[in-house]
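To keep things clear, I will list the structure first and then write my remarks on it.
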Amino acid sequence: MNLTISSTSCNTSSLNATANQTTASGDDNAAIYILVVISIYVLSLAFFFIKSLQTKPTDENQLHSYLDEVAQRELSARQIMVKSMRERLHMSESNSNQRIEEMNSNALIKEEEISLIV
């Protein structure tokens, strides 16, 4: 009976050692995951920073042409916005005119009905 008890205690301690190793490797995996995420974030920031430096003009003539291009894009965007606002205004005016015509025709019909009744 003593032999069985001692082998059971030996197996239990080996199971505890295995469980401790599994926990330690899980912590290592979490640390590795965090390091990978941070390194990807830093690399993406570095990429966008370098990309932004490449798009900025260095020469004064390039700066003026860049600013002219930006101003032209802004002007065309404003022109498109004004055009769409004019179209909306025209549509609302035509809708209002249609409503006024409908109301006038309804009023004429009601006047005719009233004159027929009287």
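The values are calculated or read from the model by the stated rules, or taken from the named source; none is laboratory data. Just so it is clear, the model here is predicted, and its values are computed rather than measured. Note: ideal-geometry Cβ built from the backbone for every residue, glycine included; neighbour counts use all protein chains shown.
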Practice task
Among the candidates S84, S96, single out the residue that is at pLDDT 85 or above and more than 32 Å from the chain's Cα centre (by Cα).
Solution key: S96
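Test of understanding: among S52, S76, S65, which residue is within 25 Å of the chain's Cα centre (by Cα), surrounded by 10 or more Cβ atoms within 10 Å (Cβ to Cβ) and among the polar types (S, T, N, Q)?
On the way: S52 fails: surrounded by 10 or more Cβ atoms within 10 Å (Cβ to Cβ); S65 fails: within 25 Å of the chain's Cα centre (by Cα).
Of the residues listed, the single one that is within 25 Å of the chain's Cα centre (by Cα), surrounded by 10 or more Cβ atoms within 10 Å (Cβ to Cβ) and among the polar types (S, T, N, Q) is S76.
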